Amino acid sequence: MENNISQTDKKVERRSFLKKLAILALAPIAFGFLGSTDKLKTIKKWMLENGYVPNNHKWGMGIDINKCIGCGRCAVACKNENNVPQEPFFFRTWVERYRIYEDGDIQVDSPNGSIDGFENWRTNKKMLRSFFVPKICNHCENPPCVQVCPVGATFKGEDGVVLVDSDYCVGCRYCIQACPYGARFLHPETHTAEKCTFCYHRIVQDKLPACVEVCPTQARVFGELNKKASPLVRFLRMNKIGVLKPSLNTEPKVYYANLDMEVK
Amino acid sequence: MKKFLQKIPEQVKRLSILLVVVVIVFIIATSLLTPKDFGLIGHFRASSVQNNANKKMQYAGQETCSDCHEDMWKTKNAGYHKNLSCEVCHGPSLNHVNEPDQFKPVKPKGRTFCPVCHEYNPSRPTGFPQIVTASHNPRKICITCHNPHNPTPPQTPKDCSACHAEISNAKSVSSHMDIPCTKCHKTSAKHRLSPREFLPTKPTQREFCGQCHSKEAKSDESIPRINMTTHEPRYVCWQCHYPHLPEAQ
């Protein structure tokens, strides 16, 4: 009898031990889960305070090459708005001039990113066609720059905008090499990667990006991609559309109307 | 059990202790070094979205300007510059919105700013109003003749080349250089005042070119002739030949 009692005691001990073990193992996971959802709530709350919930938006840009006059006001406005260094070769957006000659020669230039204007050189060669192409970060759906970032300092937000976390960036320049469109640069003072953010601080307040705001010929159109009433959707409906380097499957969200095959 | 522990070689025991220590240090280090909001939404710090959104604006947007400068706003929106935002010429002006007396927007003067858009450049789209500054009223400041808020030309342009520089440049070196524009395009006088509403006509039939270029035409003998019945009768002439710069020179 004694023996029997001691056996049941042992059994109970084992069961309670296993229970405690399970609780011990699950507790930190459960606490961590609760903690993280709590943080997520506070972030969502911040978004709502500003009346902006990234989930509800998907931004894109349309550029009509037939309308661009190459005045470079977009590049100037971008530098003013985003504290981009004024010296040449630091650009979040710029304009290129394409000149295609009858002998098949192609010249592409962008002196000071188009800010100082384009000079007309006299050549004996006959021009076949010529046009301006505004360039900007394409805010790819599959961004190669985000893939290669070793620390997670650049990312595609829920609204499709590719942003840089300049406090977290280590300045390794990997993303600058990975970008097939040359849209990134290293800021000479902060030594972190910089790029177009679609003027994120403006679009969360329902304002247009600076380059779209100042474009004198409405060559740039900015808007929602998945709302039928947006000017961008109308732009995509009314024009023949191309994107840059479609073969790379980056799926850019900057759409060009009347894009020439020579534009790379 | 003791036998099993004894069987494990000494170096394996020491190495496994080291491995456990390394793993524990790694777990502690990552939990301490990773920012608390990392990975909440995706593989990034959730708060950096906020950081990006918190940056300071410089451009107020043209709707803001209209709150105070409504008269100017209305003038501008009735003229050719209706699509221009005020800040294209006047620069970033959010400071001016916040403190109107302290910060004044820039007013571009002289002959350098307007040609940024309006200087002739063959790469610019056709129909965009362009001038050659060297020959366009030299040394005169643009705003003495043109009101930038309502930039209708003070005098109606006399020549077609004032607006159609690209076409007139091409025509001036072609064998059609002596033909006036009005020979082919019937242009009402109103076209000079409101160009988009009163468009000039264009020839519609191949017989129009045939007046000079057909075998039967009574024009100068040096002009190239074609047989109107056999020479590509299914097409109108300007589907192949550019009349402003015909390829035969």
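Among the candidates B:56, B:76, the residue that is more than 10 Å from every other protein chain (Cβ to nearest Cβ) and of a type outside the set (A, V, I, L, M) is uniquely B:76. Here is the figure for the stretch A:196-211: residues that are in contact (Cβ under 8 Å) with a residue 12 or more places away in the chain and in contact with a helix residue (DSSP H, G or I) (Cβ under 8 Å, 6 or more places away or on another chain) total 10. Here residue B:92 clears all of (1) within 12 Å of another protein chain (Cβ to nearest Cβ); (2) surrounded by fewer than 16 Cβ atoms within 10 Å (Cβ to Cβ); (3) more than 30 Å from residue A:127 (Cβ to Cβ); (4) within 22 Å of the chain's Cα centre (by Cα) except the condition numbered (2).
Here the stretch B:32-53 is the region considered, the condition is being hydroxyl-bearing (Ser, Thr, Tyr) and more than 7 Å from chain A (Cβ to nearest Cβ), and the residue that is surrounded by the fewest Cβ atoms within 10 Å (Cβ to Cβ) is B:34. Of the helices (runs of 4 or more DSSP H) contained entirely in the stretch B:1-108, those carrying at least 1 residues that are touching a residue at least 24 places away in the same chain (Cβ under 8 Å) fall at B:62-68, B:70-78, B:86-90, B:94-98. Scanning the stretch A:123-152 for residues that are among the hydrophobic types (A, V, I, L, M, F, W, C), modelled with pLDDT of 95 or more and assigned to a loop (DSSP other than H, G, I, E, B) gives A:137, A:140, A:149. Exactly one residue among B:4, B:103 is more than 14 Å from chain A (Cβ to nearest Cβ) and exposed (fewer than 15 other Cβ atoms within 10 Å of the Cβ), and that residue is B:4. Just one of the listed residues (B:133, B:112, B:144) is more than 10 Å from chain A (Cβ to nearest Cβ) and assigned to a loop (DSSP other than H, G, I, E, B), and it is B:133. Select from the stretch B:149-169 the residues that are surrounded by fewer than 17 Cβ atoms within 10 Å (Cβ to Cβ) and not hydroxyl-bearing (Ser, Thr, Tyr) and write down the one among them that is farthest from residue B:80 (Cα to Cα). It comes out as B:169. Residue B:126 meets the conditions (1) at pLDDT 85 or above; (2) β-branched (Val, Ile, Thr); (3) in a loop (DSSP other than H, G, I, E, B) in every case but one. The failed one is (1).
The values are calculated or read from the model by the stated rules, or taken from the named source; none is laboratory data. Predicted model, so just to flag it, every value in this text is computed and none were measured. As a convention, Cβ positions derive from the backbone with ideal geometry for all residues, glycine included, and neighbour counts pool all protein chains shown.
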